[in-house]
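Below you'll find the structure, written out as structure tokens, and then a few comments.
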Amino acid sequence: TKVDVTELSQLGGIGFNGTIGKIGFRTSSKEIGWLDNIVLTDYAEDENGVVVKNYHFDNGENPFTAGSIQDGRLNTGLNADCLEKGEEQPPLDDKTHYTVDVDMTCETYAVSAIFNAVDQSNFYMWQLNTKDQEGKVILKPHTWKNGAYATYNSQNVDVTDAVGGVENFKTTPAHMHLDINGTRIETYINDTLVSTFMIGSTSDQSTTGI
């Protein structure tokens, strides 16, 4: 599935503050997934990219505040609002451009990747959802502001074929690649462009500055 990116409308987002922010994941009461090979690459200062974060979990150490390492992968567990440990990244200039890569499988309902997080209440969350439409895997962009979330129905994308089907997605990792360049977020699933999300100055949660 490939989206025609030339006609996508400008969407409300919660905005960038010129920092990469933290990365992480979120699960609710019945959502369980697996994450591996999480890599964040900064292209703002070097067009060849500088790897800023690289989590493969082979050493058994968990850099996040929740979840558990099992057989060299991160199991998200249930009811987890999770960010990586440690300090924030230093501010970037207005040429913010970075990528996030992660291998994901969904055991039940949904698995999500968080990026550009200021804290556990303010972040972007890209979810691969198997619950809402039976037999399908749906990419659902979320924005979170002060603990309240917004979704964008016009930007939900059926990525079932891209991940090889719901049953395959339970055991075979799908590679999500996010390219965050200024106010544009491009999403690739297994090397296929499936979504382009344009961040506006306001969202239906009003304006914020994260």
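The values are calculated or read from the model by the stated rules, or taken from the named source; none is laboratory data. Every value quoted in this text rests on a predicted model; they were computed, and no experiment measured them. Don't worry about glycine lacking a Cβ; one is built from the backbone with ideal geometry, like all the others, and counts go over all protein chains shown. We work out accessible area using only protein heavy atoms, side chains counted, and drop any ligands, DNA or RNA first. Shrake-Rupley method; radii C 1.70, N 1.55, O 1.52, S 1.80 Å.
Remark: pairs (first residue in segment 112-129, of a type in the set (Val, Ile, Thr); second residue outside any strand (DSSP E or B); Cβ separation under 7 Å; 6+ apart in sequence or on different chains) = Val118/Gly21; Val118/Ile210.
When the criteria are applied in full, Phe197 fails the requirement of being out of contact with any Lys or Arg (no Cβ under 6 Å at 6 or more places or on another chain), closer than 25 Å to Asp36 by Cα and at pLDDT 95 or above. I'm trying to understand the selection: among the residues of segment 48-68, which are open to solvent by 40 Å² or more (accessible area, probe 1.4 Å) and under 15 Å from Asp103 (Cα atoms)? Within segment 48-68, Asn54, Tyr55, His56, Asp58 meet the criteria.
The single residue among Asn17, Asn37 that is open to solvent by 30 Å² or more (accessible area, probe 1.4 Å), under 20 Å from Tyr98 (Cβ atoms) and at pLDDT below 50 turns out to be Asn17.
Looking across segment 151-195, the residues that are aliphatic (A, V, I, L, M) and within 28 Å of Gly49 (Cβ to Cβ) come down to Val157, Val159, Ala162, Val163, Ala174, Met176, Leu178, Ile180, Ile185, Ile189, Leu193, Val194.
Looking only at residues in segment 148-165 that are in contact with a strand residue (DSSP E or B) (Cβ under 8 Å, 6 or more places away or on another chain), open to solvent by 30 Å² or more (accessible area, probe 1.4 Å) and not polar (S, T, N, Q), which one is farthest from Val118 (Cα to Cα)? By that ranking, first place goes to Gly164.
For segment 108-119, the condition of being modelled with pLDDT of 95 or more, within 23 Å of Val159 (Cβ to Cβ), outside any strand (DSSP E or B) and open to solvent by 70 Å² or more (accessible area, probe 1.4 Å) holds for none of the residues.
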